[in-house]
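Notes follow the structure.
The values are calculated or read from the model by the stated rules, or taken from the named source; none is laboratory data. Bear in mind that the values here come from a model prediction, so they are computed numbers and not experimental data. Virtual Cβ from ideal backbone geometry, glycine too; neighbours counted across all protein chains shown. For the accessible areas, the whole protein counts, side chains as well, though only heavy atoms, and no ligand, DNA or RNA atoms are used. Shrake-Rupley method; radii C 1.70, N 1.55, O 1.52, S 1.80 Å.
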Amino acid sequence: MIAIIDYDAGNIKSVEKALTALGQTAVITRDRDIILHADKVILPGVGAFGEAMERIRSYGLDTLIQKVVAKEIPFLGICLGLQLLFESSEEAPGISGLGILHGKINKIPDNKGWKVPQIGWNSLKFPRSGRLFQGIAENAYVYFVHSYYLCAEEAEIVTAETEYVVNIHASVEKGNVFACQFHPEKSSAVGLHILKNFVTL
């Protein structure tokens, strides 16, 4: 069973639908026991960093997520879920993230001819091997919707990059923690392959 953490964020149902298409049992929940006994846990979502962290803390999900990571349950952050794993974001100065991974969430800089937020398909480069991308070809396209991007402190955790105004760390992997800035659940066959790689870890 895969637990999808419910913290009132957008885009959660599309993750559940993609997992169901892969033949997986997925439960949208914030129930402590269900999450701690899940085979895999996913933190999806779109929205604002500060508001999301306030909701996560109000539900006690911050300490619960730390326990999931400590139990070494495979954990996947998607889009905002990736950003929340880090310490802070330029979107919400003074509000701490989960701090599970180290790096900065920065605003995509203004640049003539480039639209922010980035909405659409972009190709991936793989600076190092990642378990999410087994069987995925270099330059495969995935779907992004974001105004802020990750610059990871530890280069060795970065498994995918893309270019949009700047170099963006599009996916990371450290131990049992995985995260994608893009939306695998909206990335057609490539995205389903990535999710399949996660659920079959």
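Let me know the charge dipole size of the chain about its Cα centre in debye, to the nearest 20, where only the beta-carbon of Lys, Arg (+1) and Asp, Glu (-1) is charged. Intermediate results must be reported in sequence, preceding the final value.
Numbers: 19 positive and 22 negative charges, 71 e Å.
With Lys and Arg at +1 and Asp and Glu at -1, about 340 debye.
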Structure-based [θ]222 nm, the chain - -39500 (n - 2.57) summed over DSSP H runs of at least 4, per residue, nearest 500: -7000 deg cm²/dmol
Inverse mean reciprocal Cα-Cα distance (Kirkwood Rh) of the chain, Å: 16.6 Å
Potential lengthening between TRP121 and ASP33 on full extension [0.36 nm per residue; Cα-Cα distance subtracted]: 28.0 nm
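Taking every pair of distinct Cα atoms and averaging 1/r, then inverting, what Kirkwood hydrodynamic radius in Å comes out for segment 36-150?
Numbers: mean 1/r = 0.0640 Å⁻¹.
Result for segment 36-150 stands at 15.6 Å.
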Computed E for ASN167/LYS67 - FRET, C-beta separation, R0 45 angstrom, nearest 0.05: 0.85
Fraction of accessible area attributable to carbon and sulfur, the chain (%, probe 1.4 Å): 50 percent
Size of electric dipole in segment 89-154: Cβ of Lys, Arg +1 and of Asp, Glu -1, about Cα centre, debye, nearest 20: 180 debye
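Dividing the Cα radius of gyration by the Kirkwood radius, what Rg/Rh value follows for segment 15-54? Before the final figure, lay out the partial values.
Numbers: Rg = 12.1 Å, Rh = 11.8 Å.
So for segment 15-54, dividing Rg by the Kirkwood Rh gives 1.02.
Can you check how the C-alpha radius of gyration of segment 37-80 compares to 2.2 N^0.38 Å, as a plain ratio? Please list the in-between numbers first.
Working: Rg = 10.8 Å, N = 44, 2.2 N^0.38 = 9.3 Å.
This ratio for segment 37-80 stands at 1.17.
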Over 21 Å (Cα to Cα) - which of LYS104/LYS174; LYS71/LYS104; LYS40/LYS71; LYS17/LYS196; LYS17/LYS115 fall in this group: LYS71/LYS104; LYS17/LYS115
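Express the accessible area of the chain per residue in Å², computed with a 1.4 Å probe while the remaining protein chains stay in the model. Before the final figure, lay out the partial values.
Numbers: 8730 Å² over 201 residues.
Roughly 43 Å² per residue, with all protein chains present.
With a ≥ b ≥ c taken as the square roots of the eigenvalues of the C-alpha gyration tensor of segment 123-189, please select rounded if a/c is under 1.5 and otherwise prolate if a/b is larger than b/c or oblate if it is not?
Working: a/c = 1.41, a/b = 1.05, b/c = 1.34.
Rounded is the answer for segment 123-189, as its axis ratio a/c remains below 1.5.
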Bins of 5 Å, starting at 0 and running to the largest distance - Cα pair percent for segment 1-76: 3, 17, 28, 26, 18, 7, 1
Rounded to 5, the percent of DSSP beta bridges in the chain classed as antiparallel: 60 percent
Virtual spin-label span in nm between THR25 and GLU51, 7 Å along Cα→Cβ: 3.4 nm
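List the GluC sites (Glu not before Pro) within segment 137-166 that DSSP assigns to loop and that have no more than 14 neighbouring Cβ atoms inside 10 Å.
Details: sites: GLU138, GLU153, GLU154, GLU156, GLU161, GLU163; in loops: GLU138, GLU153, GLU154.
Passing sites in segment 137-166 are GLU138, GLU153, GLU154.
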